[in-house]
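The values are calculated or read from the model by the stated rules, or taken from the named source; none is laboratory data. On a predicted model such as this, the values are computed, not experimentally measured, just so you know. Don't worry about glycine lacking a Cβ; one is built from the backbone with ideal geometry, like all the others, and counts go over all protein chains shown. The accessibility values were calculated without ligands, DNA or RNA, using every heavy atom of the protein model including side chains. Shrake-Rupley method; radii C 1.70, N 1.55, O 1.52, S 1.80 Å.
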Amino acid sequence: MTRPSTVTKELLADLVGRVASSGELKPWPLTEVFTGDLVVDVPQSSPADIEGAIAASREAQKAWAATPLKDRLAVFERFHALMIEHQETITDLIQVECGKARRMAFEESCDPPMVVSHYLKRARKVLAPRRHAGPVPMLSHSTEVHEPRGVVAVIVPWNFPYAVGISDSVPALIAGNGVVMKPDNKTALSPLYGVALLEQAGLPKGLFQVVCGEGPDVGPPLIDNVDYVMFTGSSATGRVIGQRAGQNLIACCLELGGKNPLLVLDDADVDEAIKGAMFSVWANTGQACMHIERIYVHDSKYDEFRDKFVRATQALSVGPAYDFSVELGGLSSTDHLARVQSHVEDAIDKGATVLTGGKARPDLGPTFFEPTILEGTTKDMLHGVVETFGPVVSLHRFTTDDEAVALANETEYGLNASIWTSDVKRGQALAARIESGNVNINDGLATSFASKGTPSGGYKTSGVGARHGDQGLLKYTNVKNVAFLKKQVMAPRPGQTYDEYAKQTQVSLRWMRKLGIR
């Protein structure tokens with residue numbers, strides 16, 4: 001098949017030329033997922049390259065932090081316009097390196113403009129100094145000041161390289177930090193293009209660095225030399241990164257895995273629930289941290305839901321295409337296809353029933369796997385407990401709301417959940433009982449993730465911290481408490497005994513509480 005015309009040799013050379021690399025290490029052969037053909041060799045970063053990139057970003061960060069916020073935001077106003085102007089190229093790069101359907105690649109390209117737009121509206125208020133009351137009314141006050149942390153490491157997954165790489169870096173930069181981004185070797189092109197557009201918009205050169213390499217090689221010298229880590233990926237790797245960050249006494253935010261449930265209650269509109277499930281299960285060919293892998297349907301609705309969901313899934317168009325003609329693309333790599341296939345084969349061997357799908361499709365391309373619906377999945381199966389991260393979902397029955405909540409919470413993860421009901425209050429009551437950082441009522445995942453004004457994180461092993469909302473900006477800052485006292489009054493007066501002072505203080509504490517002063 002013909003590669004998109006926007007992905008030229010000149011563009012590729014410019015992008016890989018932005019990687020901090022001395023060239024001493026063997027480059028990574030980045031391939032076109034649909035065909036397996038070589039696209040470009042990606043330079044790899046040695047420990048010395050990584051330390052040099054961090055030092056360069058730290059030097060540039062000094063002037064950037066001193067730049068007035070309004071001037072920093074002006075860069076992102078221009079960046080927003082450039083992202084829309086070059087959205088076709090962004091979408092092409094995402095498809096070439098990820099192998100996802102164009103519909104999904106386009107939707108990924110929409111995320112950073114949404115994040116930029118949100119923080120352009122909120123940053124001035126969120127980052128402004130805030131005055132608070134001090135301990136002594138009229139004579140004291142305290143000011144909350146937020147300052148950039150310094151240099152932030154942004155470690156990017158392969159499933160949404162552009163959206164995560166750029167959207168997680170934007171608030172760090174707005175807050176006045178430098179950024180050193182580490183994309184996955186397989187999907188380095190679209191985030192590199194985002195950096196190029198940022199510099200075209202006026203971001204100082206050197207502030208935003210990119211290093212490439214395998215995680216175990218890049219992770220230690222990166223985490224050991226930065227001031228904060230933003231990581232998106234598996235829970236297993238998140239534990240390693242969190243431990244390393246803790247050893248260095250630096251903070252981190254970890255957005256990790258999920259085994260996300262969808263509940264269809266007895267009063268749900270089945271047709272609407274199926275529409276939601278079709279996106280939340282199959283979006284990005286199941287390669288999304290928030291995608292649904294477990295569906296629990298009330299016994300009275302189960303047969304109808306199962307039959308309609310199977311038919312809708314069988315009607316999906318799957319294949320390689322650089323246009324909007326297909327709904328599902330390939331998996332990210334042949335290695336990941338083998339993982340997905342092993343989960344399905346394990347379930348079949350242990351007694352699960354395949355309602356549709358279940359097989360690789362090498363006739364379509366090297367990484368294609370049929371959208372697969374399983375029934376009879378149990379906890380002794382890999383897919384019953386482990387995040388499969390592919391186009392595979394299991395159906396289950398329940399009879400009561402209590403049972404549904406218990407089943408939804410029966411996992412070590414807690415990233416996303418979905419509830420379908422015609423009674424909003426009932427849905428909200430169940431949402432309060434589900435152990436998950438995101439709960440969507442009458443949607444699968446998009447509404448919560450696209451709500452950029454609300455923090456989004458995970459419970460249990462699905463993560464630490466959050467992206468989006470005010471928290472998604474403030475996490476990239478150190479908070480400073482600047483306190484002022486007009487006169488030394490927080491001690492006994494001359495000649496006053498401490499017994500007298502203690503009684504006076506107790507009276508003051510009672511009156512402050514009654515008057516609501518503190």
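Just wondering, is there one or more residues in the range 292-309 that are at pLDDT 95 or above, surrounded by fewer than 23 Cβ atoms within 10 Å (Cβ to Cβ), aliphatic (A, V, I, L, M) and over 30 Å from Y476 (Cα atoms)? Within the range 292-309, none of the residues are at pLDDT 95 or above, surrounded by fewer than 23 Cβ atoms within 10 Å (Cβ to Cβ), aliphatic (A, V, I, L, M) and over 30 Å from Y476 (Cα atoms). Inclusion of A312 among residues that are out of contact with any Cys (no Cβ under 8 Å at 6 or more places or on another chain), without any contact (Cβ under 8 Å) to a residue 60 or more places away in the chain and either assigned to a helix (DSSP H, G or I) or within 26 Å of D271 (Cα to Cα) (or both) is warranted. I'd like to know if the range 6-16 contains one or more residues that are open to solvent by 70 Å² or more (accessible area, probe 1.4 Å), over 29 Å from Y228 (Cα atoms) and of a type in the set (S, T, Y). Scanning the range 6-16 turns up no residue that is open to solvent by 70 Å² or more (accessible area, probe 1.4 Å), over 29 Å from Y228 (Cα atoms) and of a type in the set (S, T, Y).
The set of residues from the range 286-304 being more than 17 Å from the chain's Cα centre (by Cα) and part of a helix (DSSP H, G or I) comprises D299, S300, K301, Y302, D303, E304.
Is it true that some residue in the range 128-140 is within 19 Å of the chain's Cα centre (by Cα) and farther than 28 Å from E10 by Cα? No, there is no match, as no residue in the range 128-140 is within 19 Å of the chain's Cα centre (by Cα) and farther than 28 Å from E10 by Cα.
In the range 22-38, which residue that is in contact with a Ser or Thr (Cβ under 9 Å, 6 or more places away or on another chain) and closer than 17 Å to C212 by Cα is most open to solvent (accessible area, probe 1.4 Å)? Write out each step before concluding.
Of the range 22-38, the ones in contact with a Ser or Thr (Cβ under 9 Å, 6 or more places away or on another chain) are 22, 24-25, 27, 30-31, 33-34, 36-38.
Still in the list and also closer than 17 Å to C212 by Cα: 22, 24-25, 27, 30-31.
Numbers: S22: 72, E24: 132, L25: 75, P27: 55, L30: 1, T31: 57 Å².
Checking each candidate, the answer is E24.
Residue pairs whose Cβ atoms lie under 6 Å apart, separated by 6 or more positions or on different chains, with the first residue in the range 35-53 and touching a residue at least 40 places away in the same chain (Cβ under 8 Å) and the second of a type in the set (S, T, N, Q) and open to solvent by less than 20 Å² (accessible area, probe 1.4 Å), are V42/N185. When you check V19 against the structure, is it aliphatic (A, V, I, L, M), buried (at least 19 other Cβ atoms within 10 Å of the Cβ), under 16 Å from F208 (Cβ atoms) and touching a Ser or Thr at 6+ places or on another chain (Cβ under 7 Å), yes or no? The answer is yes for V19. Listed conditions (1) free of Cβ contacts under 8 Å to residues at least 40 places away in the same chain; (2) of a type outside the set (K, R); (3) farther than 19 Å from L430 by Cβ are all met by V270, apart from (3).
T421 passes every criterion in (1) surrounded by 18 or more Cβ atoms within 10 Å (Cβ to Cβ); (2) without any contact (Cβ under 8 Å) to a residue 12 or more places away in the chain apart from (2).
Restricting the search to the range 134-190, which residues are within 30 Å of M512 (Cβ to Cβ) and polar (S, T, N, Q)? Selection gives S140, S142, T143. The number of residues in the range 82-100 that are in contact (Cβ under 8 Å) with a residue 60 or more places away in the chain and assigned to a helix (DSSP H, G or I) comes to 12. Consider G238 carefully, then state whether it is open to solvent by less than 10 Å² (accessible area, probe 1.4 Å) and under 26 Å from the mean Cα position of the chain (by Cα). Criteria met by G238. The number of residues in the range 317-327 that are farther than 20 Å from V7 by Cβ and surrounded by 18 or more Cβ atoms within 10 Å (Cβ to Cβ) comes to 2. In summary, strands (runs of 3 or more DSSP E) completely within the range 101-164 and bearing 3 or more residues that are of a type outside the set (K, R) and surrounded by fewer than 17 Cβ atoms within 10 Å (Cβ to Cβ) occur at 140-148.
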